[in-house]
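Following: one structure in structure tokens, then a few remarks.
Bear in mind that the values in this text are calculations on the coordinates, not laboratory data. Computed from a prediction, not measured in an experiment: that's the story for all the values here. Note: ideal-geometry Cβ built from the backbone for every residue, glycine included; neighbour counts use all protein chains shown.
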Amino acid sequence: MNPLSGALKFLSTTLFNSVFALAFFLVAGHFATPSFIGKVAIIQLMETITRAFFSILPYQLVTREVSHSYASSQGYNRLVYTSLSYSLLVSPLLLFLLFFPSYLWMSIPYFVLYLFTNYQDQLLIGLGKFTEVNVGNAVFTISRWGFSIIAIFYHSVELLILIWTLGAVMKAVYYQIYLPFKFSLDKATFKEIAKVGFPIYLTGVVSFISGQGDRVVTAFLLGSYYLGIYQLVALAAVVPSMLISSFSSSLLPSSTYYYTKGKDIKEISSVSFRIVTLISLPLAILGYAISPLFISKFFPQYVLGIPSMQLLILSLTSTMPLQLLSTFMIAAKKNYRPFIIIGIISAAEVVGVSYYLIPRIGIYGAAIAQAFNAIITSLLYLLFSHFQGVFKLERREIVGLALIGLSFLAFINWEVVLIVVLLGSKLLGIISNEEVKVIEGFTPYSLKRIIRILYLIAR
């Protein structure tokens with residue numbers, strides 16, 4: 001169970017997905033209207049609804065439990081069969097889409113497969129099969145953003161749905177090779193995971209509101225045209241944070257695995273936090289600086305969304321080290337009720353601020369709501385992870401927090417802030433040479449040269 005090689009695999013797949021998505025939206029930006037992109041956004045919104053509301057067996061807990069069983073050499077077939085069987089049993093509830101526009105009810109088979117393959121994803125990740133998961137994701141990406149470009153030229157959302165569905169079928173069949181499935185729902189396993197994970201499930205539901213509330217309010221108050229503009233810049237803005245969050249895909253199973261083997265969860269979370277800080281802050285600042293050129297060059301029709309994109313990139317990317325602390329709270333299997341508190345506060349803030357600001361300042365109000373949400377939830381994750389004994393606050397962790405706060409001064413002068421962050425990381429010793437040696441032990445031979453960069457920063 002190598003967290004670094006797994007993280008690099010997920011990073012490469014995320015980059016692959018981002019490049020294909022960029023190609024799709026480049027073509028869509030020139031040959032389709034914002035209204036077409038708005039419909040694509042609504043389908044993606046339904047994906048998020050499916051993921052949040054239908055996951056009574058929380059994905060993170062499924063990953064955690066199968067990783068724990070794997071590390072302790074226990075059988076995990078009942079968990080695999082129960083999770084996958086549940087996803088099929090709950091799928092008929094998607095028939096509520098029959099009351100919505102035709103392109104949504106035509107998407108029902110796709111959403112069924114989407115739910116099923118999400119559980120396949122999490123189970124394979126928990127078993128450390130990172131290569132297999134990423135191959136499946138790459139297959140789906142080619143269909144989702146590659147072949148679906150054809151639908152743009154036909155101005156057909158229905159054709160896009162068909163292509164996405166075929167891609168999901170190929171992904172599910174491929175995963176079946178490595179995760180054999182038979183229909184079997186073990187009631188005891190289901191009840192245990194559903195009961196323990198109920199706070200996480202509720203958090204997922206309210207997190208949908210906080211994560212998508214700005215888009216829903218934008219669609220309701222401003223219509224699909226402005227939703228299309230906001231959706232495009234928001235999708236582009238989350239790419240840096242998506243690249244960083246790809247690390248968490250291997251972080252949860254790996255931290256669970258080594259925690260089960262007796263490693264100190266505080267040390268695991270501390271090193272991870274500081275390494276992610278080194279990556280996220282320069283990426284956030286450079287993303288803030290480059291994004292106006294990106295939109296002006298490739299999407300001139302969407303320049304209205306540039307301020308929103310800059311705010312989203314800086315706030316979402318710079319707070320990623322704190323957002324990832326939730327991973328260790330799950331891995332350590334502490335009290336999950338704080339997730340409900342964080343979720344409710346987050347949802348109330350996004351919806352409330354969006355309703356207040358969007359009528360006054362348009363889509364920039366939606367971006368402000370998301371930026372506040374990132375800051376508030378990050379501080380809450382820091383608070384609860386520290387109180388639960390999952391994360392320590394010592395000198396180097398405090399240095400990391402100070403640098404995160406400092407990165408927001410990029411609004412004033414991003415060049416100076418970038419230099420200060422880089423020098424501060426080195427002079428204040430955010431990581432040590434001993435920690436770099438540990439990381440080097442997990443690094444594939446072909447990437448050993450990258451470790452030299454960490455040695456330059458370390459003290």
Sequence-distant or interchain residues sharing an amide H contact under 5 Å with residue 106, placed H: which?
-> none
So what is the 222 nm mean residue ellipticity for the chain from helices alone, if each DSSP H run of at least 4 adds -39500 (n - 2.57) and you divide by all residues, rounding to the nearest 500 deg cm²/dmol?
-> -26500 deg cm²/dmol
Once the dipole of segment 1-196 is set up with Lys and Arg at +1 and Asp and Glu at -1 on Cβ about the Cα centre, which of 48, 188, 31 lies farthest towards its positive end?
-> 188
Ranked packing of 119-127, 315-323, most packed first, by mean Cβ within 10 Å | 315-323, 119-127
What order, most packed first, do the peptides 181-191, 105-115 have when packing is the mean number of other Cβ atoms within 10 Å of each residue?
-> 105-115, 181-191
For segment 197-428, averaging the sequence separation of alpha carbon pairs under 8 Å that lie six or more residues apart and dividing by its residue count, the contact order in percent is 32
Could you give me the percent of Cα pairs per 20 Å distance bin for the chain, shortest bin first, beginning at zero and ending with the bin that holds the maximum distance?
-> 24, 61, 16, 0
Subtract the Cα-Cα distance of residue 106 and residue 433 from 0.36 nm times their separation in residues, and report this length gain in nm to one decimal.
-> 112.2 nm
Based on the Cβ-Cβ distance from residue 176 to residue 298, what FRET efficiency comes out when R0 is 56 Å, to the nearest 0.05?
-> 0.90
Protection-proxy order for peptides 93-99, 58-64, each taking the mean of Cβ atoms within 10 Å per residue, highest first = 58-64, 93-99
Potential extension, residue 192-residue 398 segment - 0.36 nm per residue separation minus Cα distance = 70.4 nm
If a/c stays under 1.5 just call it rounded; otherwise compare a/b with b/c (prolate if a/b is bigger, oblate if not). Do that for segment 135-215, with a ≥ b ≥ c from the square roots of the Cα gyration tensor eigenvalues.
-> oblate
Just subtract the alpha-carbon distance of residue 413 and residue 154 from 0.36 nm times their residue separation and send over the number in nm, one decimal.
-> 88.8 nm
Quick one, could you list the DSSP H helices from the chain stretching 30 Å or more along their long axis (Cα atoms) with average Kyte-Doolittle hydropathy of 0.0 or above?
-> 3-31, 157-178, 198-222, 239-260, 265-298, 337-361, 363-387
Give the shape of segment 197-428 as rounded, prolate or oblate, defined through the alpha-carbon gyration tensor: a ≥ b ≥ c are the square roots of its eigenvalues, a/c under 1.5 means rounded, and otherwise the shape is prolate if a/b is larger than b/c and oblate if not.
-> oblate
Take the cross-link list 129/182; 261/426; 129/191 and give me the ones stretching past 22 Å between alpha-carbons.
-> 261/426; 129/191
Calculated FRET efficiency for the pair residue 264/residue 341, C-beta based, R₀ 22 Å, to 0.05 | 0.25
